[in-house]
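K.L.:
Below are the structure tokens for one structure; questions will follow.
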Amino acid sequence: MDRLLARRIYEIARDDRGGAAELALNAVNALQSWLKAQKSISASKISEAARALQETHREMAPLGRIAAEVAATSRASNPVGALSRTLNLLRKHITTAPKAISEKFAHLLPHKQINIAAYSYSSTVANAIIRARKRIAIVYISEGRPGNEGRTTAANLARAGIRVVIVPDVVLLCQLPPVSHVVFGADCIMRNGFFNKTGTSLLMRSGLARGAKVWVLSDTLKFWPFAPPFRPSLGDINPNWKFWDDPPRGVRLADQVHELVPFLPGIKILTERGMMTPSVVKQMLRRLRKSIATPRKS
């Protein structure tokens, strides 16, 4: 593989703070730069790039979807032309879908100031809240330990002039403040649930129990119609996310960053195409399965 492309894919794989939408755009940018720099690219090189991308962030459906689309172009009669057209379409989707979601989110909120709870970091969620800031009084969010992505969200919202209250994770998850909406992002939307930061299930149940509207904001590139692309499990903690700097001998740090969050009755998924119930998502995934040639292996 081209050395520069390999390095950029490696950087995407190592990025443990970017959201799925951001990393998807980084991947398309890397592939388009590679395409522009090369005089000729063989079908085998395109397949190799797709395989490398496929192995990054298996919990993030957009990267798997991009890898599948790129792999499909290697089988076209003109692979380079097909790859160029595919990347242009992917870029258009990645850049326009979040804006459409933001507009729909602002339109759907009540015409009065409300309190919202958010969790972890999602560029789609942050942009939607900023777009609707005139209708939002307070956003409650937790730190998002051990990576502290919640702090990033809080800082972005505060810079946009939104009042933010940040609390420890256990407070938000176990003692939900008075909010009318609980809003999540997602890395991967599947038939019976979605991947997001561990703790999402608890906050979702708390919101539903208190009568809040629970919305998942996700563009349709995050829809994954196959078996879950990975299985969350308790493992060694990311060295960049240590929650104990100097544990004593014999103490091992472990974490489970993601969880599979079930679709519970009452939640809705807001996409660039509009609001969807889980049953509508399932119908769309059945149609989508027929159009994707190369799923990731579990």
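K.L.:
For each pair in 39/290; 134/213; 99/222; 104/213; 222/242; 99/268, compute the distance between the two Cα atoms and list the pairs where it is over 22 Å.
P.N.:
With Cα atoms farther than 22 Å apart: 39/290; 222/242.
K.L.:
Where in the range 237-298 are there chymotrypsin sites (Phe, Trp or Tyr not before Pro) that are in a DSSP coil and have at most 11 other Cβ atoms within 10 angstrom of their Cβ? Can you show the working numbers first?
P.N.:
On the way: sites: 241, 243, 244, 263; in loops: 243, 244, 263.
Answer by residue number: 244.
K.L.:
With an 8 Å Cα cut-off and a minimum separation of 6 or more residues, compute the relative contact order for the chain in percent.
P.N.:
Across the chain, relative contact order equals 18 percent.
K.L.:
Oh, and also: Just in the range 94-131: which trypsin sites (Lys or Arg not before Pro) are loop by DSSP and have at most 10 other Cβ atoms within 10 Å? It would help to have the intermediate numbers written out before the result.
P.N.:
Values: sites: 99, 104, 112, 131; in loops: 112.
Those that pass, being in a loop and sparsely packed, are 112.
K.L.:
OK, next. Measure off, as a whole percent, the carbon and sulfur share of the 1.4 Å-probe accessible area of the chain, all protein chains present.
P.N.:
Roughly 51 percent of what the probe reaches on the chain is carbon or sulfur.
K.L.:
Now, a different point. Given labels modelled 7 Å from the Cα in the Cβ direction, how far is it in nm from residue 255 to residue 91?
P.N.:
It is 3.4 nm.
K.L.:
What does the convex hull of the Cα atoms come to per residue for the chain, in Å³?
P.N.:
Spelled out: Cα convex hull of the chain, divided by residues, is 139 Å³.
K.L.:
Continuing with the same structure: For every helix of n ≥ 4 consecutive DSSP H residues, a contribution of -39,500 (n - 2.57) applies; sum these over the chain, divide by its total residues, and give [θ] at 222 nm rounded to the nearest 500 deg cm²/dmol.
P.N.:
Calculated mean residue ellipticity at 222 nm is -14500 deg cm²/dmol.
K.L.:
Also, I was wondering about something else. Can you give the FRET efficiency to the nearest 0.05 for residue 100 and residue 287, using r as the Cβ-Cβ distance and R₀ = 30 Å?
P.N.:
0.90
K.L.:
Sticking with this one: Sticking to Cα atoms, compute the Rg of the range 11-77 to one decimal and its Dmax as the biggest Cα-Cα distance, whole number, in Å.
P.N.:
Radius of gyration, then largest Cα-Cα span, for the range 11-77: 11.8, 38 Å.
K.L.:
Continuing with this model, one more query. Would you kindly give the portion of the calculated P(r) for the range 128-281 that falls above 21 Å, as a percent of all Cα pairs?
P.N.:
51 percent
K.L.:
Continuing with this model, one more query. Set the Förster distance to 22 Å, then compute FRET efficiency between residue 279 and residue 208 from the Cβ-Cβ distance, nearest 0.05.
P.N.:
So, using R0 = 22 Å, E works out to roughly 0.80.
K.L.:
Write down the percent of antiparallel bridges among all DSSP beta bridges whose residues are both part of the chain, to the nearest 5.
P.N.:
Details: 12 of 31 bridges.
Percentage antiparallel, nearest 5: 40.
K.L.:
Over the alpha-carbon set of the range 119-167, divide Rg by the Kirkwood Rh and report the Rg/Rh ratio to two decimals.
P.N.:
When Rh is taken as the Kirkwood radius, the ratio is 0.94.
K.L.:
Something else: Using the heavy atoms of the protein chains and a 1.4 angstrom probe, tell me the accessible area per residue for the range 186-298 in square angstrom.
P.N.:
For the range 186-298, the per-residue accessible area is 52 Å².
K.L.:
Compute the separation of the alpha-carbon centres of the range 197-214 and the range 1-52 and state it in Å as a whole number.
P.N.:
36 Å
K.L.:
Tell me which trypsin sites (Lys or Arg not before Pro) from the range 22-80 have a DSSP coil assignment and no more than 16 other beta carbons within 10 Å of their own.
P.N.:
Sparse-neighbourhood loop trypsin sites (Lys or Arg not before Pro): 39, 75.
K.L.:
Next question, about the same structure. Can you tell me the accessible area per residue over the range 130-185, all protein chains present, probe 1.4 angstrom, in square angstrom? The partial results should precede the final answer.
P.N.:
Numbers: 2470 Å² over 56 residues.
Here the residues of the range 130-185 average 44 Å² of exposed surface.
K.L.:
May I ask you to rank 121, 10 by accessible area, largest first, using a 1.4 Å probe over the protein chains only? Write out the running numbers ahead of the final one.
P.N.:
Numbers: 121 45, 10 135 Å².
Putting 121, 10 in descending order of accessible area: 10, 121.
The values are calculated or read from the model by the stated rules, or taken from the named source; none is laboratory data. Only a predicted model underlies this, so the values are computations on that prediction, with no experimental measurement involved. All Cβ positions, glycine included, derive from the backbone under ideal geometry; neighbour counts span all protein chains shown. Please note that ligands, DNA and RNA were not included when accessible areas were found on the heavy atoms of the full protein model with its side chains. Shrake-Rupley method; radii C 1.70, N 1.55, O 1.52, S 1.80 Å.
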